[in-house]
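A short worksheet on the structure shown next.
The values are calculated or read from the model by the stated rules, or taken from the named source; none is laboratory data. Note that the structure is a prediction, hence the values are computed from the model and not measured. Using ideal geometry, Cβ is built from the backbone for each residue, glycine included, and neighbour counts are taken over all protein chains shown. Remember, those area values only see protein heavy atoms, side chains included, never the ligands or the DNA or RNA. Shrake-Rupley method; radii C 1.70, N 1.55, O 1.52, S 1.80 Å.
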Amino acid sequence: MAVAFRLFALPVSRFYRGLRHRAQSCHRRAVPAKLPSTIAPHLLAWYDANARDLPWRAPPGAPPTDPYRVWLSEIMLQQTQVATVKPYFAKFTARWPDFASLAAADEGELMAAWAGLGYYARARNMIACARQVSAEHDGALPATEAELRKLSGIGDYTAAAIAAIAFGERAVVVDANVERVVTRLAALEKPLPSAKPDIRALADTITPDARAGDFAQAMMDLGATICTAGAPKCLLCPLRADCAGHATGDPERYPRKQPKRARPHRHGTIFWAVNGDHVLLVRRPDKGMLGGMRALPTGPWQDEKPGLAEAPFDAEWRMSGDSVQHGFTHFTLECALAGARIDGHTNPRSGEWWPLADLDSAGLPTLFAKAAKRMREWEC
DNA sequence: CAAGCGTGGGG
DNA sequence: TCCCCAAGCTT
């Protein structure tokens with residue numbers, strides 16, 4: 001009681017400064033060889049009572065669900081949050097319920113179905129993977145991490161996650177959630193990405209032999225709902241007593257990260273060509289931004305405003321005076337909007353005339369969906 | 001191996 | 001508003 005009173009009597013800033021000082025003094029200490037052995041049982045007990053109910057997930061302790069659904073969800077969840085994935089997962093499993101149907105899918109239809117989910121290389125890799133599974137594995141996913149790792153779109157994380165979740169193999173599953181949870185549990189001062197080998201070694205020490213799939217999903221649920229990047233809810237955390245980061249008083253400090261470079265700002269022009277009740281769409285090259293996606297024609301994306309450079313054909317283009325802003329991972333883009341009405345005889349160098357009434361089904365990435373919305377208002 | 005690659009939500 | 005970040009993979 002006396003201790004607690006003195007704690008609260010201490011000015012808050014001094015309290016945290018003291019704790020931070022303790023954290024700093026750990027800096028020179030070697031990376032801990034292991035974490036408390038109580039972590040896995042505590043976490044699994046918490047998961048049994050608190051697991052999220054997700055369409056691709058078996059309940060805690062239950063046998064695994066269809067590997068196809070596990071695989072599909074893992075691909076969609078790469079760098080993408082659960083709430084965003086849910087409607088896409090429902091759409092895809094209804095349209096393509098297994099590897100055979102996906103391997104036979106029309107690529108254009110699949111890319112359009114993926115539109116809006118981002119990181120479009122995932123969709124192309126997904127088809128390639130489904131075809132590999134059909135051609136080389138008799139239509140069934142291999143069950144080992146090493147075999148899974150060879151398939152398109154499956155890296156270290158996804159191979160481990162599928163092996164553990166779909167096949168019950170013990171595998172060390174490390175994603176951004178696990179990195180955050182582990183660096184906090186250990187109060188690890190070494191910054192990402194150089195700390196990745198240490199994080200994996202620490203995760204290995206707490207991964208149980210049994211229920212590896214539940215354990216991996218429990219770590220991710222914990223990271224997504226309690227051990228969040230900002231404002232972690234330590235009071236609700238089943239691992240609070242095992243957590244060195246919580247003991248420092250500043251768990252948000254972890255994981256330490258190298259500073260990122262500022263995102264440059266680029267300019268472009270989007271061309272809105274209307275021919276009767278059709279608009280001109282093109283297909284972007286497979287490599288590069290928005291690769292393989294249907295799109296409105298654009299000129300170059302560069303530091304200076306490109307004006308009407310690289311218009312899809314000669315016409316009386318008019319700048320709408322409006323522009324569309326869009327943020328990508330490593331730059332922001334501001335596009336001017338140029339419109340033209342033309343007669344039925346003009347032949348663009350490439351592309352297709354798409355019915356305006358059916359534009360929603362074209363599967364345009366968000367940048368172009370925004371531009372189309374603006375230009376349709378401008379037309380009126 | 002560092003850089004390229006989307007998007008939407010939250011602080 | 002702006003910045004950070006998320007169930008990463010590929011080259």
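Over region A:87-229, what is the mean sequence separation of C-alpha contacts under 8 Å (at least six apart), divided by residue count, expressed as relative contact order in percent? Before the final figure, lay out the partial values.
Details: 140 pairs, mean separation 26.7, N = 143.
RCO, region A:87-229: 19 percent.
The relative contact order of region A:225-355, computed from alpha carbon pairs under 8 Å that lie at least 6 residues apart in sequence, is 27 percent.
If you count the DSSP beta bridges with both ends in chain A, what percent of them are antiparallel, to the nearest 5?
Around 60 percent antiparallel, to the nearest 5.
Each Lys and Arg contributes +1 and each Asp and Glu -1, all at the Cβ; summed about the Cα centre of region A:116-158, the dipole is approximately 240 debye. The residues of chain A present an accessible area of 51 Å² per residue when probed at 1.4 Å with all protein chains retained. Reported to the nearest whole Å, the Cα centre-to-centre distance from region A:296-348 to region A:39-64 is 50. Summary: within chain A, the longest segment free of GluC sites (Glu not before Pro) located in DSSP loops with at most 15 other C-beta atoms within 10 Å is A:1-303. The alpha carbons of region A:265-379 give a radius of gyration and a Dmax of 13.1, 40 Å, in that order.
Under unit Cβ charges (Lys, Arg +1; Asp, Glu -1), what dipole magnitude, rounded to 20 debye, does chain A have relative to its Cα centre? Spell out each step's value before the answer.
Numbers: 47 positive and 40 negative charges, 427 e Å.
Charge dipole, chain A, about its Cα centre: 2060 debye, nearest 20.
Across region A:79-93, rounded Karplus estimates of 3J(HN,Hα) from the backbone phi angles (6.51 cos²θ - 1.76 cosθ + 1.60, θ = phi - 60°) give 6, 9, 7, 3, 4, 5, 6, 3, x, 5, 4, 5, 5, 5, 5 Hz, Gly and Pro being marked x. Here's the picture: charge each Lys and Arg Cβ at +1 and each Asp and Glu Cβ at -1 in chain A, and of A:Trp317, A:Ile270, A:Ala231 the one pushed furthest to the positive end of that dipole is A:Ala231.
Counting other C-beta atoms within 10 Å, and keeping those with at most 10, which DSSP coil chymotrypsin sites (Phe, Trp or Tyr not before Pro) do you find in region A:289-363? All intermediate terms of the calculation are to be shown ahead of the outcome.
Numbers: sites: A:Trp301, A:Phe313, A:Trp317, A:Phe328, A:Phe331, A:Trp353; in loops: A:Trp301, A:Phe313, A:Trp317, A:Phe328, A:Phe331.
Answer by residue number: there is no such site.
Just to be sure I understand the model, the point goes 7 Å from the Cα along the line to the Cβ. What's the resulting A:Lys34 to A:Leu356 distance in nm? Using points 7 Å along Cα→Cβ, the separation is 7.0 nm.
What is the diffusion coefficient of chain A in µm²/s, taking the Kirkwood radius over Cα pairs and the Stokes-Einstein relation at 4 °C with a viscosity of 1.567 mPa s? Spell out each step's value before the answer.
On the way: Rh = 24.0 Å.
Rounded, D is 54 µm²/s.
Per-residue Karplus couplings for region A:308-320, computed as 6.51 cos²θ - 1.76 cosθ + 1.60 with θ equal to phi - 60°, are listed in order as 9, 4, 6, 4, x, 6, 6, 6, 8, 5, 10, 6, 6 Hz, Gly and Pro entered as x. Modelled spin-label separation between A:Leu236 and A:Gln81, with each label point placed 7 Å from Cα along the Cα-to-Cβ direction: 1.4 nm. Candidate cross-link partners of A:Lys305 among the lysines, defined by an alpha-carbon separation under 29 Å and a same-chain spacing of 8 or more, comprise A:Lys260, A:Lys287, A:Lys370, A:Lys373. Tell me which lysines have Cα within less than 25 Å of A:Lys34's Cα, excluding those fewer than 8 residues away on the same chain? The reachable lysines, counting only those whose Cα sits under 25 Å from A:Lys34, are A:Lys190, A:Lys196, A:Lys233, A:Lys257.
Of the beta bridges DSSP finds with both residues in region A:265-379, what % are antiparallel, to the nearest 5?
Working: 17 of 27 bridges.
Close to 65 percent.
Residue by residue, region A:325-332 carries 3J(HN,Hα) couplings of 9, 8, x, 9, 4, 10, 7, 9 Hz when phi is fed to the Karplus relation 6.51 cos²θ - 1.76 cosθ + 1.60 (θ = phi - 60°); x denotes Gly or Pro. Along the axis of the charge dipole computed for chain A (Cβ charges of +1 for Lys and Arg, -1 for Asp and Glu, origin at the Cα centre), the listed residues A:Phe92, A:Ala362, A:Pro255 are led at the positive end by A:Pro255.
Taking all Cα pairs closer than 8 Å and separated by 6 or more residues, the relative contact order of region A:13-253 comes to 26 percent. Centre-to-centre, using Cα atoms only, region A:189-210 and region A:96-128 are separated by 33 Å. Listed by chain and number, the aspartates and glutamates whose C-alpha is less than 13 Å from the C-alpha of A:Lys86, apart from same-chain residues fewer than 8 away, are A:Asp53, A:Glu74.
Model label points for A:Asp343 and A:His265, set 7 angstrom from Cα along the Cα-to-Cβ axis, are 4.3 nm apart.
Under a Cβ-only charge scheme (Lys and Arg +1, Asp and Glu -1), can you give me the dipole magnitude of region A:246-349 about the Cα centre, in debye to the nearest 20?
With Lys and Arg at +1 and Asp and Glu at -1, about 620 debye.
Between beta-carbons, use under 12 Å as the cut-off and find the net charge around A:Pro232, counting Lys and Arg +1, Asp and Glu -1.
On the way: positive: A:Arg180, A:Arg184, A:Lys233, A:Arg240, A:Arg253; negative: A:Asp250, A:Glu252.
Result for the local shell: +3.
Distant-in-sequence amide contacts of A:Trp354, defined by a placed amide H-H separation under 5 Å and a gap of 5 or more residues or a different chain, comprise A:Val279, A:Leu280, A:Leu281.
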